[in-house]
2 protein chains.
Amino acid sequence: MESVGSSMTKAQEQIRPREQQKQATRAKILQAALDLFAERGFDGASIRDIAKRAGVFHGLIKYHFESKEELWKSAVDYLFERQSKEMADPDGFDDLPAREQARDWIRRYVHYCARHPEHARIMVQESLRDTERLRWAVKTHIEPVHRTARKVSQRWIEAGVYPAIPLHALIYMISAAAQSPFMLSPELKHGAGIDMSNPAQIDAYADALVTMLFDHSVRREN
Amino acid sequence: MESVGSSMTKAQEQIRPREQQKQATRAKILQAALDLFAERGFDGASIRDIAKRAGVFHGLIKYHFESKEELWKSAVDYLFERQSKEMADPDGFDDLPAREQARDWIRRYVHYCARHPEHARIMVQESLRDTERLRWAVKTHIEPVHRTARKVSQRWIEAGVYPAIPLHALIYMISAAAQSPFMLSPELKHGAGIDMSNPAQIDAYADALVTMLFDHSVRREN
DNA sequence: TTATTTATTATCCGATCGTACTATAATTTT
DNA sequence: AAAATTATAGTACGATCGGATAATAAATAA
């Protein structure tokens, strides 16, 4: 699991050791919140358990994040900001042919899902009930992401990479397929005996999805 | 939402009105548990709220189901028994060509997911953490279902309907894609403004998934 | 050095949780 | 009709929840 770094510069750290400690505490709480919200959902993760995992006193959460709701929103903000950074198109991406773009994007997204399964876990648990938190997440993060996803998908459909199905259908089936085995890795571990944190398994799954989407040519003759 | 019927015969009902009432209460509790476990997860759904929704006194849950864990297991038993009934292959299924079998199965499964979104909601919430409940569900229900799914998938791969990717990858990407928009329908409602309980939307999504899996022929020329 | 600010800690409160135990009323059995 | 059974209701307990308030200790500002 990756740590949530503070945003301090080196100069600031030397001048204000107090502020440095404060941000470090904040980051530890945020990381613990990501872990426990992903594992148990908003209701199931208690403030006291989050504080315990972060190694701080539970009252500090109110001090740093005002409330449990605000802590959750801060955690989700962090998730989507990190996704935006890590899923940025690499250099030369625009010069690739459409099919290679789609193929590359799928591979990168599968690896993102494998690296950060807590993202899908937190968002799925929140998206299957109609709460104020979901509405906030939709407006603040999901809608912007889907807006660009629709634009890109539309281009790939026009290029013949994907079939001409409704954009929301395309987006949901692809993202679900990419996230599923990593989000549900405990189930795969006990059921199929497969460890989805194994890099070989991650690559194999990315290969499988790409094959399923782009390289299955036999079907027409059948 | 469908009701959880009692298994009483008419004769029994007339002879034993007490037993009839008992089973009706049990069924009401089970239905309320399905709703609330799906909406809030095991921890988030309280015994008192389940009883309140069922319109019964909360102590009755211990009387009928012994404990919250046992109530959850009874609810999951019910889910998988219903799935087994409703997903049984229709008459003449074995006589269809492999591709038509796969196409028909996908359509039926999408409609099952639309009819009973609580199934995926309950199981997903349980499958993303490693608990005793998950291990029980894997051994009791998920493994048997996946065993037959692997057999069927293998046949369809050999028939060229699906590409030759690992069976677990095929199963997880297809079931995730089929469940996703119905499981996450609150998100689609607020985000895309789409009501996935609308029969037209259900059919459209089934069409889209079938097109994506079987009828996308342009890709080879690209 | 002294005064002030503040990051952290220590308690406490009312609410709710799962569940155990007892009471009751109505049916079923004898 | 009397006795036994039992489905349902009432209540109480210990634990834990989110959050509020007060105390403390250390760093910063004066």
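The values are calculated or read from the model by the stated rules, or taken from the named source; none is laboratory data. These figures come from a predicted structure and were not determined experimentally. No Cβ is skipped: glycine too gets one built from the backbone with ideal geometry, and neighbour counts run over all protein chains shown.
When A:Glu70 is tested against (1) under 28 Å from B:Phe42 (Cβ atoms); (2) touching a helix residue (DSSP H, G or I) at 6+ places or on another chain (Cβ under 9 Å); (3) at pLDDT 95 or above, just one condition goes unmet, and that condition is (2). Being touching a residue at least 12 places away in the same chain (Cβ under 8 Å), within 20 Å of the chain's Cα centre (by Cα) and at negative phi is a property that holds for B:Glu126.
Yes or no, residue by residue, for (1) within 8 Å of DNA strand C (Cβ to nearest atom); (2) assigned to a loop (DSSP other than H, G, I, E, B); (3) surrounded by fewer than 17 Cβ atoms within 10 Å (Cβ to Cβ); (4) free of Cβ contacts under 8 Å to residues at least 40 places away in the same chain:
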position: B:Arg40; (1), (2), (3), (4): no, no, no, yes
position: B:Arg48; (1), (2), (3), (4): yes, no, yes, yes
position: B:Lys52; (1), (2), (3), (4): no, no, yes, yes
position: B:Val56; (1), (2), (3), (4): no, yes, no, yes
position: B:Glu70; (1), (2), (3), (4): no, no, yes, yes
position: B:Ala75; (1), (2), (3), (4): no, no, no, no
position: B:Leu79; (1), (2), (3), (4): no, no, no, no
position: B:Lys85; (1), (2), (3), (4): no, no, yes, yes
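Of everything in the range A:4-18 that is modelled with pLDDT of 50 or more and more than 11 Å from DNA strand C (Cβ to nearest atom), the residue that is nearest to the chain's Cα centre (by Cα) is A:Val4.
Among the residues of the range A:19-38, how many are buried (at least 18 other Cβ atoms within 10 Å of the Cβ) and within 8 Å of DNA strand C (Cβ to nearest atom)? Residues that pass the stated criteria total 2.
Residues in the range B:44-67 that are modelled with pLDDT of 95 or more and within 19 Å of B:Met183 (Cβ to Cβ): B:Ala45 only. So which residues in the range A:87-106 are more than 14 Å from chain B (Cβ to nearest Cβ) and surrounded by fewer than 17 Cβ atoms within 10 Å (Cβ to Cβ)? Passing the criteria: A:Met87, A:Ala88, A:Asp89, A:Pro90, A:Asp91, A:Gly92, A:Phe93, A:Asp94, A:Asp95, A:Asp104. I'd like the residue in the range B:25-64 that is within 11 Å of chain A (Cβ to nearest Cβ) and either of a type in the set (Ser, Thr, Tyr) or near DNA strand D (Cβ under 10 Å from one of its atoms) (or both) and, out of all such residues, is nearest to the chain's Cα centre (by Cα). Once the filter is applied, the top-ranked residue is B:Asp43.
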